[in-house]
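Each remark here refers to the structure printed beneath this line.
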Amino acid sequence: MEERLLLLLPFSEAAKNIVKEQGLSLEDLAYDPLLRDARELAKYKLMAAIAGRVHVPRYENALLTIYSYIIAKAVAAYLGRFVLNRLAEHEAKRFMIITENLSMDDLIYVAKEAFSLEVRISGDNVVVEVPDYLEASTRIGGAKWRIINRKISKGFVQLPIDDFRRMLSELVRARVLTSVPEVSSLPKPLEEMASQISLMLKEKVSRKSKRGKVKDFPPCIKQIMEKLRRGENLPHQARFALTTFLLKVGWSEDQIVDLFRNSPDFNEKIARYQVHHIASKGYSPPKCETMRGWGLCPGECGRRYLTEGLKYEEGSPDS
Amino acid sequence: MKRDLLIVRSFFRKYYEELGDTIYVRNPSEREFMFMTFDGKVRRHFTFKDAKSLREGLVREAPRHAYYSVSKYRDPSAPMEEKGPISSDLLFDIDATELEGCGQEDIWVCERCGAYGHGDKPKKCPKCGGQDVKLLHWLDEKCMIAAKNELKKLINLLREDLGIKEEDMILSYTGNRGFHLRVVSEKYSSLSKDARRELALYVIGSGADVRLWFRKIGALYVFDPPSGQAKRAMQNLFTIKASENLKRKVSDMIKGKPTRLSSRELSLISSLISKSLQEVSPKIDWMVTMDTSRFTRIPNSLHGKTGFRALLLTPSDIDEFDPFRASPIPITEEITLKVRYPVPKFRIHRNLFGPYSEGERLSLPANAAIFLILSGRAEIL
Ligand SMILES: [Zn+2]
């Protein structure tokens, strides 16, 4: 693979093979004085990830990118799911930034090489197989991502190139979160890096807000909260549903903003503005049918609307 | 076990002894099986190493219901968390119970005093106040035609929109009021739960944003249907009640002509399309599709509420398929019955039976008799 494309794909098989050829262990990555830049870059990435920014250095080469990725992932794995989710979000956003001017041919090469996608071009669009599309699109909110609103026929979806990039970035995110190594201890220099990140994290995540009555919330809301707790990125609709619901059951704007601090792309100013906007407009929580349409309903729960009572109605699911 | 059920069970066993070689399951050693016995017990977390031992198992146990898992597992007999899923067929479920106009012959019955009636099942028996009120379904020919229609819509959607080949679809009649369709292609078998849900929502026509189906060129609108679902919803608009003017515009738009629409017309057309979409969408139970821990009946096994065979079908069979002709248990020796609750007219093969009223005594061939016993409407004398 060409070096400039390897830069995009530090998690690919090609990247792994390069690491294997060099024969470097995590010990080497932690101590080798020649790899100081890779450690620095890993640290910056993690810091940016926690802060909800993206770190793209002015100069990178393939080895630097690959090593820094391996180090960052090991440290994130050591620190737990929350930091991993942040790193995944960071890598997905980084992918969007550095592929912005990539040619169609290069993008397709990347899709084949890194994600084994069967892809072809049709006019200005990229054509992908429905199952591949679905694995990425379910994690993206918005009507245009639902296949009913997409050009789909005979098992293929046609995507404008920017949507195709967005789809790939979701696969990047998923890739960071799969085959996570079991890291129970780190070499000394990396352990120090981990404790710096962890300190930063503590400052970032504020005290826990009061969460009365959560156990009575409907499953869709609980699921959104659980995803937020794990630091997963939420589609816009999920944020909207959660905010309207929590306002309805009496949470304050501050409490809700605090909850969103776990969000990988948290920006206090924007979050405050959005929560306040929803509160001042007095929007109602979405109906079940709407939640279903947004792909946010985990299953039948016997409740008609989110606003109707906080208790389950008993009912048999099957006759 | 009640005497009636013991007798029915012996007929089931006889069926498995004589016609068991029609029982076939793909990759049995990777599937989990579930049997429900005639005394109401559920046995699961077991497997069969091949088709032969599956057939022997069915003869040995003669279960009332016999199922196999949608998923394949590394260790199908292990507890759920340790099974190790390999892949899962993509399952669609069509249940006639949910269709409009179905269930008209269903009755509720009181087990205590024998009272019965049509309509919704009361919480308590209106006659004696007893709590033991059951719903007795009735397999209705009309409903099965409606269900077949939904199945055809589903097959068409899977083929046209999703490119799924017919040889990758395993269709089966449930033996009662529904159909199952399993997609077994490799690409679809490895879909995640989330992706299955997304797909199921597509099938039922959820998530549509009709505004995205139109392109605006200056003051004109062009209907540019993205998906097959969108196209079918629009085409179905021909059947709507609307002004001639609006109908003409709809027809122009279907032909792809840029058309002038007032904002009122646009929103009217959008809401009509949404309704139309519900009509053209196959009525599947979307929750079933997203659940990879489901089971369906073992092909050609017997359904314990009808005695009908859960027959394997091919898409070209559907039009001709007549459950009352093809599915009844192929046993015809006479059984003498007493009718417990009214029996509507019904048909087994070409023979018409009924209607019968409560208390009537009669002698029927086993296929019809078992149907009535398992439907809860008659008992063996
Ligand atoms: Zn009674």
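The values are calculated or read from the model by the stated rules, or taken from the named source; none is laboratory data. The shown structure was predicted, so the numbers you read here are calculated from the model rather than taken from an experiment. Backbone-built Cβ (ideal geometry, glycine too); neighbour counts: all protein chains shown.
All but one of (1) more than 14 Å from chain B (Cβ to nearest Cβ); (2) closer than 29 Å to B:SER227 by Cα; (3) over 22 Å from the mean Cα position of the chain (by Cα) hold for A:GLY155; which doesn't?
In the conditions (1) more than 14 Å from chain B (Cβ to nearest Cβ); (2) closer than 29 Å to B:SER227 by Cα; (3) over 22 Å from the mean Cα position of the chain (by Cα), A:GLY155 misses (1) alone.
Run down B:LEU181, B:LEU151 and say which single residue is outside the structural domain of B:ASP291 (by TED's automatic domain parsing), more than 16 Å from the ligand (Cβ to nearest atom) and touching a Phe, Trp or Tyr at 6+ places or on another chain (Cβ under 6 Å). Break it down stepwise before answering.
Details: B:LEU181 fails: outside the structural domain of B:ASP291 (by TED's automatic domain parsing).
Going through B:LEU181, B:LEU151 in turn, the sole match is B:LEU151.
Looking at (1) over 30 Å from A:PRO131 (Cα atoms); (2) away from the ligand (no atom under 16 Å from the Cβ), can you tell me which one B:SER77 breaks?
(1)
Those residues that are farther than 22 Å from A:ALA72 by Cβ and in contact with a helix residue (DSSP H, G or I) (Cβ under 6 Å, 6 or more places away or on another chain), I need them from segment A:162-183; list them, please.
Correct list: A:MET167 only.
Which of the following residues is closer than 23 Å to B:PRO315 by Cα, facing chain A (nearest Cβ under 8 Å) and surrounded by fewer than 21 Cβ atoms within 10 Å (Cβ to Cβ): B:GLU167, B:GLU160, B:GLU186? Step through it out loud before you land on a result.
Values: B:GLU167 fails: facing chain A (nearest Cβ under 8 Å); B:GLU186 fails: facing chain A (nearest Cβ under 8 Å).
Going through B:GLU167, B:GLU160, B:GLU186 in turn, the sole match is B:GLU160.
Kindly provide the set of residues from segment A:158-198 that are under 14 Å from A:TYR133 (Cβ atoms) and away from every other protein chain (no Cβ under 14 Å), ordered by number.
Start the filter on segment A:158-198 by keeping residues that are under 14 Å from A:TYR133 (Cβ atoms), which leaves A:158-160, A:163-171, A:174.
Those that are under 14 Å from A:TYR133 (Cβ atoms) and away from every other protein chain (no Cβ under 14 Å): A:PHE164, A:ARG165, A:ARG166, A:LEU168, A:SER169.
Which members of segment B:116-126 meet the condition of being assigned to a loop (DSSP other than H, G, I, E, B) and either among the β-branched types (Val, Ile, Thr) or surrounded by fewer than 17 Cβ atoms within 10 Å (Cβ to Cβ) (or both)? Give the derivation first.
As a first pass, look at segment B:116-126 and keep what is assigned to a loop (DSSP other than H, G, I, E, B): B:118-126.
If the condition is that a residue be assigned to a loop (DSSP other than H, G, I, E, B) and either among the β-branched types (Val, Ile, Thr) or surrounded by fewer than 17 Cβ atoms within 10 Å (Cβ to Cβ) (or both), then B:HIS118, B:GLY119, B:ASP120, B:LYS121, B:PRO122, B:LYS123, B:LYS124, B:PRO126 are the ones that fit.
Taking the conditions exactly as written (more than 29 Å from A:PHE266 (Cα to Cα) and either charged (D, E, K, R) or modelled with pLDDT under 90 (or both)), does A:LYS154 satisfy them or not?
Details: more than 29 Å from A:PHE266 (Cα to Cα): yes; either charged (D, E, K, R) or modelled with pLDDT under 90 (or both): yes.
Yes; evaluated as a whole, the condition is true for this residue.
Please indicate, with yes or no, whether at least one residue in segment A:108-122 is over 21 Å from the mean Cα position of the chain (by Cα), within 9 Å of chain B (Cβ to nearest Cβ) and assigned to a helix (DSSP H, G or I). Can you show your working first?
Just the residues of segment A:108-122 that are over 21 Å from the mean Cα position of the chain (by Cα), to begin with: A:108-109, A:112-113, A:118-122.
With within 9 Å of chain B (Cβ to nearest Cβ) added as a condition, the list becomes none.
Looking through segment A:108-122, none of the residues is over 21 Å from the mean Cα position of the chain (by Cα), within 9 Å of chain B (Cβ to nearest Cβ) and assigned to a helix (DSSP H, G or I).
Consider segment A:261-299. How many of its residues are surrounded by fewer than 20 Cβ atoms within 10 Å (Cβ to Cβ), out of contact with any Phe, Trp or Tyr (no Cβ under 8 Å at 6 or more places or on another chain) and of a type in the set (Phe, Trp, Tyr)?
The total comes to 1.
Of B:VAL133, B:VAL109, which residue is within 14 Å of chain A (Cβ to nearest Cβ), more than 17 Å from the chain's Cα centre (by Cα) and within 11 Å of the ligand (Cβ to nearest atom)? Show your work before the answer.
Values: B:VAL109 fails: within 14 Å of chain A (Cβ to nearest Cβ).
After applying the criteria, what remains is B:VAL133.
For B:LYS83, state whether it is over 20 Å from B:ARG377 (Cβ atoms), within 16 Å of the ligand (Cβ to nearest atom) and either within 14 Å of chain A (Cβ to nearest Cβ) or not aliphatic (A, V, I, L, M) (or both).
Numbers: over 20 Å from B:ARG377 (Cβ atoms): yes; within 16 Å of the ligand (Cβ to nearest atom): no; either within 14 Å of chain A (Cβ to nearest Cβ) or not aliphatic (A, V, I, L, M) (or both): yes.
Spelling it out, it is not the case that B:LYS83 is over 20 Å from B:ARG377 (Cβ atoms), within 16 Å of the ligand (Cβ to nearest atom) and either within 14 Å of chain A (Cβ to nearest Cβ) or not aliphatic (A, V, I, L, M) (or both).
Taking the residues in segment B:86-106 that are in a loop (DSSP other than H, G, I, E, B) and surrounded by fewer than 16 Cβ atoms within 10 Å (Cβ to Cβ) as candidates, determine which candidate is nearest to the ligand (Cβ to nearest atom). It would help to see each step written out before you state the result.
So in segment B:86-106, the residues in a loop (DSSP other than H, G, I, E, B) come out as B:89, B:99-106.
Among the residues that remain, those that are also surrounded by fewer than 16 Cβ atoms within 10 Å (Cβ to Cβ) are: B:100-101, B:104.
On the way: B:GLU100: 30, B:GLY101: 29, B:GLN104: 23 Å.
That would be B:GLN104.
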